[in-house]
Amino acid sequence: MENIDEFVKEIKKIGMHAQTSVSYKDYLHMRYISFFGTVLFWLGLSFCFFNHWIMGGILLSQHLLVKWLLMHHIGHGGYNRIKNIPRRFHSSHYAQGYRRYLDWFDWIRADAWNYEHNYLHHTFTGENKDPDLVENNLDWLASMKQPILIKWLILIIAAASWKFTYYSPRTLSYLKGYQKIHIYNFLNIKQKAPRHMWLELFLPYIGFHFIALPFLCEWIATGFGWSVLYARILAELFHNIQMFIVIVPNHSGADLYRFDNVNQYKHRNSEYYIRQILGSANYHNGAEWIDFLHMYLNYQIEHHLFPNLPMRQYRLIQPQIQSVCQKYNVPYIQESVWVRLIKMVNVAIGRQKMRRISGPFSP
Ligand SMILES: [Zn+2]
């Protein structure tokens with residue numbers, strides 16, 4: 001690509017304009033979503049009260065989606081520069097310390113998430129140092145000599161449990177510099193890292209969501225607690241699968257690139273922006289409910305170009321980024337999440353390989 005600098009200049013200009021356009025409107029947009037998440041929680045419990053625990057579980061799973069959505073975009077600092085908003089929406093405060101129990105009481109520790117995702121994944125997208133590179137992480141599955149159906153089954157089990165079997169131990173391992181927690185020592189609490197994970201993260205999470213809350217509800221009305229427990233288990237499984245479908249295909253597929261041997265000095269130069277585009281895929285977007293259900297990760301290209309923008313800005317800049325890419329013939333991939341899911345699965349089970357750029361940049 002000859003005019004790479006011109007291309008990047010135009011992309012950066014769009015980003016700069018978006019940065020200066022960030023306003024209180026973005027904060028209100030985020031708060032509306034937050035409020036909607038609270039409504040989903042109480043609505044979910046209300047359905048459980050009347051013993052409709054399946055509907056209750058679906059609503060509670062969407063409440064969990066809102067919590068992760070907020071953590072992701074606030075944790076990136078999307079709202080840091082907006083004046084006169086509560087300090088708790090600043091990335092350095094959100095879900096930190098005791099606020100973990102209020103903002104994002106999850107399997108995953110917020111500071112571990114911020115380090116693994118905001119720093120490692122966003123800085124080294126598609127490189128071997130990217131902790132979320134699907135082709136690397138699932139090479140054992142791809143090379144497994146088993147029928148496709150078995151591989152599918154393994155993937156479905158992984159999808160239904162990946163927050164606590166993959167993300168929580170993985171993020172904690174990176175944050176603490178511990179030896180990674182893996183399938184062989186996951187339950188071994190004699191070792192420091194798994195013990196830390198169980199005591200600090202898993203037991204409080206299980207204790208509150210699956211024991212204390214159902215007990216409290218059962219005390220309020222007989223049968224209510226059991227209904228909440230069933231709904232909460234359903235919500236957990238549904239949430240894990242939904243998030244797996246939305247998050248994992250973002251950077252995986254035979255039409256996306258991965259990058260070997262990126263020079264450390266080239267991490268923040270023009271090639272950085274091209275790498276983010278060539279290594280990411282957007283999904284359909286544009287309407288609030290579509291964007292919401294995709295956690296605003298359907299603007300993955302725009303998010304990777306400018307990770308610290310508020311969600312609303314991604315919708316505003318998306319057509320501009322796409323048209324600049326078209327102008328310079330830079331591949332800009334946008335497809336349905338279901339198409340991207342199939343492409344990701346084909347890589348995960350070893351049917352297809354991702355494109356690779358190994359030497360100097362030349363897409
Ligand atoms: Zn991100």
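Throughout, read-outs are computed from the coordinates displayed, never taken from laboratory work. Model, not experiment: these values are computed from the prediction. Here the Cβ is made from the backbone with ideal geometry for all residues, glycine too, and neighbour counts use every protein chain on show.
Taking into account only those residues within the range 171-194 that are among the hydrophobic types (A, V, I, L, M, F, W, C) and under 19 Å from H121 (Cβ atoms), which is farthest from the chain's Cα centre (by Cα)? So the residue we want is I181.
Taking helices (runs of 4 or more DSSP H) as the structural unit, those lying wholly within the range 267-318 and holding at least 1 residues that are within 13 Å of the ligand (Cβ to nearest atom) correspond to 270-278, 300-305. Considering the range 59-138, the qualifying helices (runs of 4 or more DSSP H), each wholly inside and each with 3 or more residues that are away from the ligand (no atom under 15 Å from the Cβ), run over 100-103, 134-137. The combined condition, being in a helix (DSSP H, G or I), within 30 Å of H294 (Cβ to Cβ), of a type in the set (A, V, I, L, M, F, W, C) and without any contact (Cβ under 8 Å) to a residue 40 or more places away in the chain, is fulfilled by M197. Looking across the range 112-146 at every residue that is farther than 22 Å from H76 by Cα and small (G, A, S), the one that is surrounded by the fewest Cβ atoms within 10 Å (Cβ to Cβ) is identified as S143.
Selection within the range 37-71: residues that are of a type outside the set (A, V, I, L, M, F, W, C) and under 19 Å from R100 (Cβ atoms). The member of this set that is surrounded by the fewest Cβ atoms within 10 Å (Cβ to Cβ) is T38.
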